[in-house]
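First up is the structure itself, then whatever we jot down about it.
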Amino acid sequence: MTYVIEADGGSRGNPGPAGYGAVVKDSAGGQVLAEAAEAIGVATNNVAEYRGLIAGLREVLRLGGEGASVAVRMDSKLVIEQMAGRWKIKNEGLRPLALEARDLARRLRVTEWTWIPRERNKHADRLANEAMDAAAKGEPWRAGGSAVPESGQTDLFEQAPGAGRSRRPAGADLSAPTASVATAQERSTGGGWMPPTRVATSLLLLRHGETPLSVERRFSGLGDAELTANGLAQAAAAARRLSREPYRIDVIVSSPLKRARQTAEAVAELTGLSVEVDEDLREADFGAWEGHTFTEIQREWPDELTAWLADPNMAPPGGESFAHAARRVERVRDRLIERYEGRTVLVVSHVTPIKTLLRLALMAPPAALYRMHLDLACLSLVEYFADGQALVKAFNDTAHLR
C-alpha cells in the first residue's frame, strides 16, 4: 500500500493559540486510515505545520512500518521546500522540528514532497481548527469533530501534547483499544501543565565561584579574575553534587574566562569529561565600569548608569548592552540544542548569560534581567523540546553550598 499524508497547522495570532491536523489516506482509493490533531499551546504557524507533518509521519510508521511508501502533501510552501531540500532552514527555532521530521522520513520511503493549494488541504485544516476550538473550550480533541472530555479527564492542561486519537481503519477490531498518536506514558513528563513532547535537551546552568571582584561587589565583565580559595571550594562543592545521581552530565561547555573555566574544570575532574570553550558564553563587557563598584559608577557616570538601568539596549561607556549580549547567548543556546539534542549539557558561565537563558526560556521581556538574582556557584536548569517549548525546572539552587 502507498500512503498519502495531508497535514496542516495554524496559529490564531502567529504566535498565538495553535494546533495541527494530519490525515493519512490510502493513495489508491482515498480511504481515510488515520487522523491526528492536537492543540499545542502558543506557537507560530510554521511550528504548528511541522508538528502536523511529524504526526502524519508517525501515523504512517504505525500503520505501515519501516520502509512504507508515502507521498506528503501540504499547503505550507516553507515546510515542503525545506523537507525536499530545496530551501535552507534559516529559522533556528524550526531546526529541531525539521530534524525530527527528516529522521522519521528516513525510516519511510517518501515518494514526493508536494505543495498543494489550501482548498485541497481542507481535511487537515479542519482537524487543526477542531483541535484549537476544543482547546478554547478546555476540552481535548476527539476524532469525528467532537470535543468531549475523556473519562476522568476534564482539564486540557493535563493532556499530553500529541494525545490526539487515531481513527480506526475500516474493518479494524473494535474490541482492541483505540491507538493514540502518542500516550502520556510514551512521553517525557518534564512537569508543568503540558508535558513535553519528547526527550528534552537539558542545559544545567552553573555560575562560577567567588573571585576577588565579587567579594568587593565590583563589576566583573571581561576582566580575567581567578577564583579565590572560597571560590575554588564552591566549585568543588558543585562538582561533587554534579558527579552524583541524579545528574548525568554528557557535555561540559564553559565561558572562556578563567573564573568559569576553573569552575568547569573542577566538575570535569570528577566526571571524567573534557571542557569545551564557547566564546559566546562570556560575561557582558562592562567597558569603563569594569572593576568599579555600583557606588563609584553612580558617582562618576550618573546619567549613563540611569540610562543603562532603564534600557537593555544601552551599553556602559565602551562596553556591551544586554541586548547585544542576548543575541550571542541565543546563538550559543541554539548551537548547543542542535549539537547535543536529547543530552544534558553543563553550561558554566556568568550572571548575564545565565539570566538571559532563563529570561528567554520564560518568554520574559529584557527588563526581567533586573528582577533576577543569581548567587555565586548557583545551579539553574532549563529543558528544551523539539516543538520550541522550554521549561525552567530550577533557579538559583545553592543546596550544595550549605
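GNM on the chain, alpha-carbon springs under 10 angstrom: the most fluctuating residue among 354, 54, 297 is 297. Looking only at the chain, where both bridge partners belong to it, what percent of the DSSP beta bridges are antiparallel (to the nearest 5)? In the chain, DSSP labels about 55 percent of beta bridges as antiparallel. A P(r) calculated from all alpha carbon pairs of the chain, with 10 Å bins opening at zero, reads 5, 21, 26, 20, 16, 10, 3, 1, 0 percent.
Remark: spin-label model distance residue 330-residue 42 equals 1.6 nm, labels positioned 7 Å along the Cα→Cβ axis. Averaging the Cα positions of each part gives two centres, and for region 256-333 and region 1-55 these lie 43 Å apart. For residue 311 and residue 2, FRET efficiency with R0 = 56 Å and r from the beta-carbon atoms, rounded to 0.05? Result of the calculation: an efficiency of 0.45.
With a Förster radius of 30 Å, plug the Cβ-Cβ distance of residue 277 and residue 89 into 1/(1 + (r/R0)^6) and report the FRET value to the nearest 0.05.
Values: r = 27 Å, r/R0 = 0.89.
E between residue 277 and residue 89, to the nearest 0.05, is 0.65.
For a label point 7 Å from the Cα of residue 126 along Cα→C-beta, name the residues of region 28-50 whose backbone N is under 15 Å from it. Within reach of a label on residue 126: 31-37.
Reported value for region 201-401: 104 Å³ per residue, from the convex hull of its C-alpha atoms.
Please report 295, 263, 114 as a ranked list, fewest other C-beta atoms within 10 angstrom at the top and most at the bottom.
Working: 295 9, 263 30, 114 12.
By the 10 Å Cβ count, ascending, the order reads 295, 114, 263.
Residues whose amide H lies under 5 Å from that of residue 200, counting only those 5 or more places away or on a different chain, are absent; hydrogens are built 1.01 Å from N in the peptide plane.
Take the Cβ-Cβ distance between residue 14 and residue 215 as r, set R0 to 60 Å, and report the resulting FRET efficiency rounded to the nearest 0.05. Don't skip to the answer; put the middle values down first.
Details: r = 49 Å, r/R0 = 0.81.
The formula returns an efficiency of 0.80 here.
Of the residues 262, 82, 298, the one that moves most in a GNM of the chain with alpha-carbon contacts below 10 Å is 298. Mind running the shape call on region 229-307? Use the C-alpha gyration tensor, a ≥ b ≥ c as the square roots of the eigenvalues: rounded below 1.5 for a/c, prolate if a/b tops b/c, oblate otherwise. Prolate, because a/c is 1.5 or more and a/b exceeds b/c. Checked against a 29 Å cut-off, the cross-linked pairs 25/77; 25/90; 258/355 give Cα-Cα distances beyond that limit for 25/90. From the square roots a ≥ b ≥ c of the eigenvalues of the alpha-carbon gyration tensor of region 15-139, which class results: rounded (a/c under 1.5), prolate (a/b over b/c), or oblate? It comes out oblate by the Cα gyration axes.
Structural descriptor for the chain: relative contact order 15 percent, calculated from alpha carbon pairs under 8 angstrom and at least 6 residues apart. Largest GNM mean-square fluctuation among 241, 73, 95, using the chain with Cα springs under 10 Å: 241.
Shown in residue order for region 245-253 are the 3J(HN,Hα) couplings computed by the Karplus curve 6.51 cos²θ - 1.76 cosθ + 1.60 at θ = phi - 60°: 4, x, 7, 9, 6, 9, 9, 10, 10 Hz (x for Gly and Pro). In the chain, the calculated helix contribution to ellipticity at 222 nm averages -10000 deg cm²/dmol per residue, counting -39,500 (n - 2.57) for every DSSP H run with n ≥ 4.
Read-outs throughout are calculated quantities, based only on the coordinates presented, and are distinct from any laboratory measurement. Given the structure is predicted, the values throughout are model-derived calculations rather than measurements. Reconstructed Cβ throughout: ideal geometry from the backbone, glycine too, with neighbour counts over all protein chains shown.
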